[in-house]
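Quick notes on the structure that follows.
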Amino acid sequence: MKTADYEECFQAVAAIWRDEGGGSLDDIALMATISSILAHRFSHFYWTGFYRVCGDRLVVGPYIGTVGCLQIEFGQGVCGTAAEKRETVIVPDVNQFPGHIACDPNSKSEIVVPVFGPDGELIAVLDVDSDRLDAFDEEDQRGLERIVALFSN
Ligand code: SME
């Protein structure tokens, strides 16, 4: 079920990406499109969006959800941890994650996926928060990593 949803999301994003210039499409336009497609497909995605690497910190980019915090230091919270480690972090219960940044008490679990550009450089993280506990697993990781791989083309 989830696999089919991710496949449809990937196909929808990839079709728009191809039609709009592929690798020459502006990153922020692609981030906005991915946020919209994911948030409307999965009803338990409470906050879906990107934090972009801006100098020495992460700064909020396109998202769908309630107001998120604007700036996150590397190593801080779940987003900063994923950015520092350059790997996906899944948190089944945000209240058990030391240093979690609580922008909205309705967020119960989250997954943060690093986003790499064409030269392998970290350009952003994709942050998805759910209003359910334990909402994310390896299937979400695979589905989301496949979608953000478009940024490296
Ligand atoms: N939960 C995140 C902060 C960002 S928001 O929830 C939108 C974190 O700890 O990285």
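The values are calculated or read from the model by the stated rules, or taken from the named source; none is laboratory data. Keep in mind it's a predicted model, so treat the numbers as computed, not measured. Using ideal geometry, Cβ is built from the backbone for each residue, glycine included, and neighbour counts are taken over all protein chains shown. All accessible areas refer to the heavy atoms of the entire protein, side chains included, with ligands and DNA or RNA removed. Shrake-Rupley method; radii C 1.70, N 1.55, O 1.52, S 1.80 Å.
Points worth noting:
- Carbon and sulfur %, accessible surface of the stretch 51-102 computed with the full protein complex present, 1.4 Å: 50
- Neighbourhood net charge (15 Å Cβ-Cβ; Lys/Arg +1, Asp/Glu -1) for residue 26: -1
- Computed over the stretch 2-152, the ratio Rg/Rh where both radii use C-alpha atoms and Rh is Kirkwood: 0.93
- Measuring with a 1.4 angstrom probe and ignoring ligands and nucleic acids, residue 17 comes out at about 40 Å² accessible.
- In this view, the solvent-accessible surface of residue 60, computed with a 1.4 Å probe and all protein chains in place, comes to about 30 Å².
- Theoretical ellipticity at 222 nm over the chain - DSSP helices of four or more residues, -39500 (n - 2.57) apiece, nearest 500: -11000 deg cm²/dmol
- Qualifying trypsin sites (Lys or Arg not before Pro) in the stretch 1-102, where qualification requires a DSSP coil assignment and no more than 14 other C-beta atoms within 10 Å, comprise 86.
- Per residue, the accessible area of the chain comes to 48 Å² when a 1.4 Å probe rolls over the protein heavy atoms.
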